[in-house]
Amino acid sequence: MSYLTQLKTFVEVYRSGNITRAASRLHMSQPAVTSHIQAMEAIVGKELFIRKARGVEPTAIADDLALQVSSHIDVLEQKVASIRSRASTDHGTLHLAGLSRVFKCCRRSCAC
């Protein structure tokens, strides 16, 4: 099973130190971010963050996980952004098809 979305969420929570702020940056709801963090905690079998009154504090396990995955998540995000920007500027190739007599006629500069 792929945990890419949960890992991306984890990295954003780790960097922001706040679930609500991470939710805003990810354009997600706070309960969805909390659910992703809970899923990651279930996967690793350890608590990743200590909930505080004004945010979260990463545990040693979170520090280790962030060190191992954050650069990979960043590279994947950059690759997707690169493809997205190329796709928005690439207008593709236009192929025209039609009757050959129409194109021949137009080449002779006559009124079609």
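Bear in mind these aren't lab numbers, they're just calculated from the coordinates by the rules spelled out. Being a predicted model, the structure only gives us computed values, none of them experimental. As a convention, Cβ positions derive from the backbone with ideal geometry for all residues, glycine included, and neighbour counts pool all protein chains shown.
Stretching I43 away from Y3 to a fully extended chain increases their span by 13.5 nm, per 0.36 nm per residue minus the current alpha-carbon distance.
Compared with the direct C-alpha span, the chain from Q78 to A60 gains 3.7 nm at full extension, assuming 0.36 nm per residue. As a rough guide to protection, the peptides 13-23, 33-43, 74-84 ranked by mean Cβ packing within 10 Å, highest first, stand as 13-23, 33-43, 74-84. Straight-distance candidates among the aspartates and glutamates for linking to K46, with alpha-carbon spacing under 17 Å and chain neighbours fewer than 8 residues away dropped: E57, D63, D64.
What residues of segment 65-85 lie in the reach of a label at H27, counting those whose backbone N is under 16 Å from a point 7 Å from the Cα along Cα→Cβ? Correct set: 77-78, 80-85.
Between amide H atoms placed 1.01 Å from N, distances below 5 Å from F49 occur with T59, all of them 5 or more places distant or on a separate chain.
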